[in-house]
Structure formats: structure tokens, C-alpha cells
1. Heavy-atom accessible area per residue, the stretch 289-331, 1.4 Å probe: how many Å²?
2. Collect residues whose amide H, placed 1.01 Å from N in the peptide plane, falls under 5 Å from the amide H of residue 247; neighbours closer than 5 in sequence don't count.
3. Ordered by residue, what ³J(HN,Hα) values in Hz, to whole numbers, does the stretch 207-220 give under the Karplus form 6.51 cos²θ - 1.76 cosθ + 1.60, where θ = phi - 60° and Gly and Pro are x?
4. Cα centroid distance between the stretch 94-134 and the stretch 310-344, in Å?
5. Residues with amide H under 5 Å of residue 144's amide H, sequence separation 5 or more or different chain, H placed in the peptide plane at 1.01 Å from N; which?
6. When you count, for each residue, the other Cβ atoms within 10 Å and take the mean per peptide, how do 508-519, 528-539 rank with the highest first?
7. Name the long-range amide H neighbours of residue 206: under 5 Å, sequence gap of 5 or more, or other chain; modelled H, no Pro or chain starts.
8. Could you list, in their original order, any pairs among 200/254; 190/328; 285/328 whose Cα atoms are separated by more than 29 Å?
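The values are calculated or read from the model by the stated rules, or taken from the named source; none is laboratory data. This one's a predicted model, so the numbers in the text were calculated from it and none came from an experiment. Cβ placement follows ideal geometry from the backbone for every residue including glycine, while neighbour counts extend to all protein chains displayed. Remember, those area values only see protein heavy atoms, side chains included, never the ligands or the DNA or RNA. Shrake-Rupley method; radii C 1.70, N 1.55, O 1.52, S 1.80 Å.
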Amino acid sequence: MRSDGMSFPLLTVLFVLCLVIIDLILQHVMKKQAMFLRILLLTAGLFTINYYLYRPAEPAATQPAIAQVEPPRSSDYLAAYLDESCKDGVRGVQTEVATAWGTLKFASKDATLSSLKFSRIGARQLENPLEVLAPASRSSMPPCFLVALADQVVSGYQLISQEESDNHIVLVYQAPLANGLIYKKFTISKVVHRIDLSLKISYENMPECGVAMTIFYPAPLIITPETDVSDGPVASSEQLSAMIMPAGSNNAEKIARDSVDTAKGWSKPALFAIENRYAVHALIKDKNQFVQDASYLLFDTHQMAARLHNVLKDTNSSWELSFYLGPKQAHAMQAVDKRLDESNNSWWPFALLSRLLLNMLNMLYAVVHNYGLAIIIVSFCINVIFLPFKVESAADLKIKDERAKKLAYIRQKYKDDPEALNREQLALWSKYGTGGSKLLIGIIPTFLFMIFNRVLANAVELHGASMLWIKDLTAADPLCILPLIIFIFFIGKTLEQTDRKQVGALIGGITLGLIVSAIMAYVSAGTALYVASNLLFELMLTPFIKIFKSRPVVRTTASD
């Protein structure tokens with residue numbers, strides 16, 4: 001069972017609410033002894049939510065497992081064609097198409113998608129459109145939807161028809177062949193990130209051995225005016241990877257770009273994709289089973305492309321293929337094909353909590369219209385929610401100090417009477433308890449940091465989102481102002497919590513602050529903003545913790 005539509009947030013909220021109620025009951029009934037059960041309950045609850053709401057559907061029993069096959073013949077002809085195209089940098093007449101989600105340009109020379117720019121990511125209208133295809137003059141990659149026949153790229157197309165309806169824009173291209181015609185029809189959705197490609201081939205004389213036919217589409221690249229797409233480190237830093245699904249299954253096989261074996265291919269995959277940190281290009285539907293086998297091409301510039309292969313046998317053939325070319329944004333992908341959400345899957349606790357965090361940030365952005373401010377608000381809410389746990393942890397420290405003093409006294413007093421020593425120790429544990437909240441409070445910050453870092457560094461919604469001097473919340477702070485602020489807050493926190501006579505503790509706190517600040521200089525600015533906000537709110541809430549810490553903390557009435 002996989003939850004869809006509005007049922008996902010409703011089921012998740014109800015399930016989490018049940019966990020909170022059960023946790024409160026255990027805490028009230030069993031006091032500190034329930035800590036292990038509470039942690040176990042939370043872990044089991046998260047696993048259950050992820051399993052029932054996010055687990056992919058099982059493959060159909062009649063569908064065979066994905067098969068690896070030998071890839072098609074050499075693509076040397078492609079390199080020659082790309083070299084020639086890069087020299088002139090022109091692919092004929094450019095036809096621009098505007099949709100609600102972006103702007104596309106199609107080149108008439110080879111009837112390909114030459115430019116793709118996203119103007120909107122989720123609720124955010126982008127000031128500078130996000131371009132994900134490299135221009136012909138700056139790339140050695142095959143253009144999107146390039147078609148080759150018999151080891152020769154088909155070119156010389158002409159736009160013969162252009163139509164527009166309420167929901168779609170249709171472009172039809174035609175090119176002559178040696179003994180036939182080829183038609184390419186693009187149906188572009190105005191609402192969602194979907195392009196349907198219809199191919200029609202007419203031959204007068206078909207060779208007995210058939211004619212090899214190949215369709216290419218490249219990996220998405222985040223292009224800016226300053227980007228040099230021939231620069232390997234720039235491209236490889238986007239974490240390119242392949243994603244393949246067999247027919248009838250939502251289980252994805254993901255392969256990092258550097259681990260892709262170009263000597264192998266896949267037979268009739270139901271979904272064949274290339275992704276980076278922010279976008280994905282995927283074949284999502286093959287209505288007439290064009291793809292007999294599919295494989296990947298790797299380029300020296302740390303780029304890659306997909307190759308879909310077929311062998312024509314009939315003099316008249318036609319196919320319909322559907323593609324998703326868009327951001328790795330949940331609503332955009334689910335609107336086209338829910339299987340694409342597999343590109344965002346991760347280890348199960350992070351999959352669930354990352355989605356919850358991103359949904360919270362998106363909801364706050366709809367109100368405040370700034371993701372940086374949304375991060376600060378989330379940080380404040382988290383500190384307020386966990387304030388009772390921090391108060392309880394501070395009380396535990398006081399209990400621990402009192403217990404340690406009395407335990408030392410008892411051991412000294414009854415050192416020669418083991419039976420009395422055991423009796424008094426049991427009475428002492430009964431009076432002061434065993435503590436335990438400190439364990440949970442120690443785990444939570446690290447766990448939350450890992451989730452925030454994953455979301456804030458990779459969410460396409462935050463790519464290019466700015467705040468004050470920060471131009472991109474998914475990139476590192478360009479001026480290292482946030483790491484400096486974090487170091488100052490660490491010093492303040494150390495002075496607040498440490499006796500100034502304890503030189504060793506002060507040096508340890510300052511050293512830890514330096515280490516954390518150095519790390520924050522390399523993580524995303526969004527993550528650094530979260531850490532800085534968290535430290536600030538901790539300092540602001542410290543007086544409240546001290547007030548509660550000064551109150552009596554003995555939890556039982558057992559006799560001394």
C-alpha cells in the first residue's frame with residue numbers, strides 16, 4: 001500500500017499523534033523506566049510509517065526481472081556529429097515554447113530540445129530561470145531527443161506544423177531519408193513537466209537485416225552564465241547517477257555515474273533515467289515498446305547520456321514515448337509519474353523525516369516568502385518543542401550531582417557492611433531515580449543535523465533561494481559569516497554553561513566551536529543558518545531552563 005494525494009499528510013499526522021499520546025502515557029505511568037520503551041516506540045513508529053506509506057509496490061508476478069544485454073554498436077558517428085555541431089554552434093531555426101513551468105527551445109536542424117529553463121520550482125517563482133541543458137556551443141553531449149538511423153544522425157528537419165490548445169503545445173518536424181521519411185512530433189504539456197515524443201518512419205525499401213535506430217537524451221546539468229560545462233569538477237559535483245526500473249515494479253536500481261558500465265545495457269526497462277542533485281530526465285512510458293535495449297554513454301567531461309535502441313523491421317513504423325524533464329520536486333514528479341519519487345528515497349528514517357521537514361519549509365515559505373526565514377522559524381519551533389526535555393535533562397544533572405554525593409557518603413559509611421550498603425543504595429536509587437533524558441537530548445541534535453543537512457543541501461526548492469548576503473541556500477556561505485556567528489555563539493554557550501575557573505572545560509568548548517565552525521564553512525548555507533539559529537535560541541532559552549533547574553527535583557517520597 002502506498003499513500004497518494006491528500007491521504008499521505010493526513011495518515012502521517014494521525015500516526016505521529018498516536019505515537020505522541022502513547023509516549024505521554026508511558027512517561028506518566030512508568031516515569032524514567034519508560035525511556036528505553038519510548039525510544040523503541042519512536043523507532044518502530046517511524047519504520048511503520050515509512051513501510052506502509054512509502055514502500056514501493058511489489059513487481060507483478062508475471063513480469064520478469066530486469067535483464068542486462070549487450071549494448072548497441074559503436075557510437076563513433078555520434079562523436080563526429082557532435083564535433084561538427086560544436087564548431088558552428090547552430091542547429092537551425094529555434095522555436096520557443098512557453099509553459100507554466102518553464103521555457104523550451106527546439107532546434108530544427110536535428111529536431112531536438114536545445115534549451116530547457118525552469119521558471120518555477122514549487123511555489124517559488126525563480127528570479128533567474130534554472131537552465132538544465134547545456135547550449136550546443138558549450139557542450140559535447142548529444143542534444144535531447146537526437147535520433148540516429150543506421151549509424152548516422154538524422155538532420156535536415158523542417159517544422160511543418162505548430163498547434164496550441166489549453167493544455168498542450170504540439171510541434172511536428174519532418175526530414176527526408178535516403179529512401180523514406182521520418183516524422184517527429186513533440187507534445188509539450190503546459191501544466192506539468194512532461195514531453196511526449198511520437199516517431200513515425202516510412203521506408204520504401206527496408207533492408208533485410210533491418211535498420212538500427214537510436215534515441216539519445218543527456219543528463220540534466222545546472223547551467224549558469226558562469227558555468228563551464230567542459231569543467232569536470234563542476235559537472236561531477238552534481239552527483240550524476242543512473243536510475244533503472246523493470247516493467248511492473250517501483251523498485252529502482254540506482255548506479256552512480258562513475259560506476260556505470262557502458263559495456264552493459266538493460267532490456268525493455270519501464271523507466272530509464274539520469275539524475276543529479278536537483279533534476280531528473282527520465283523515459284517514463286513506452287507505449288509501443290520502442291526500447292529493445294537501453295544503455296548509458298559516459299563523456300570525458302564527467303557527463304553522461306542515455307541511449308535507447310531499436311531495430312526497424314517494417315517499412316512503416318510508429319512509436320509513442322513519454323519523458324519527464326523536470327526538478328526533483330515531489331509534487332512536480334508525482335503529477336507526472338509517482339515512480340519518479342524513488343529518486344528521492346533514502347535510508348528509511350531520513351526518507352520520512354526529510355519529507356516532513358521539506359513540507360514544513362514549503363508551507364512556511366508560502367506564508368513568509370523566504371526560505372531562510374522559514375529555516376529560522378523551524379529552528380525556533382524545534383527548540384520550543386524540546387524545551388521540556390532540556391529542562392528535564394538539566395534537572396537530571398542536579399539529581400546526578402546530589403546522588404553522587406550521597407552515594408559516596410553511603411559507600412564510605414557502610415564499607416564494612418555489604419548488606420546494609422546494598423539496602424541503602426537501593427533506597428537511594430528509588431529516591432532519586434536513574435535519569436535518562438540526557439541520552440535522548442544528546443541524540444536529537446545530531447539526528448536533526450543529519451536530516452537538515454540532507455534536505456537543505458539537496459532540495460531543489462532551495463536552489464538559488466537567497467537571504468541577505470547568501471545567494472544560494474544550498475551552497476556554502478560565500479562570506480563565511482554564518483560560521484563566524486556560530487563560533488561566537490559557541491563561546492557564549494561555553495561561558496554560560498561552564499565555570500570560568502575550569503580552564504580545561506573552557507578550552508574544550510572553544511576548540512569544539514572552532515571545529516564546528518570549520519565544518520559549517522563547507523556545508524550548505526541553509527544548514528549553517530539552522531545551526532546558528534539553533535545556538536541562538538538555546539542561549540535565549542537558557543534562563544528558562546535555569547529557573548526550572550533551581551526547583552526541587554526529587555521525584556519520590558522514599559525515606560533517606
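1. 33
2. 270
3. x, 4, 7, x, 10, 6, 10, 9, 10, 10, 8, x, 6, x
4. That distance is 17 Å.
5. Distant-sequence amide H within range of residue 144: 113.
6. Put in order of decreasing packing, that is 528-539, 508-519.
7. The answer is none.
8. 200/254
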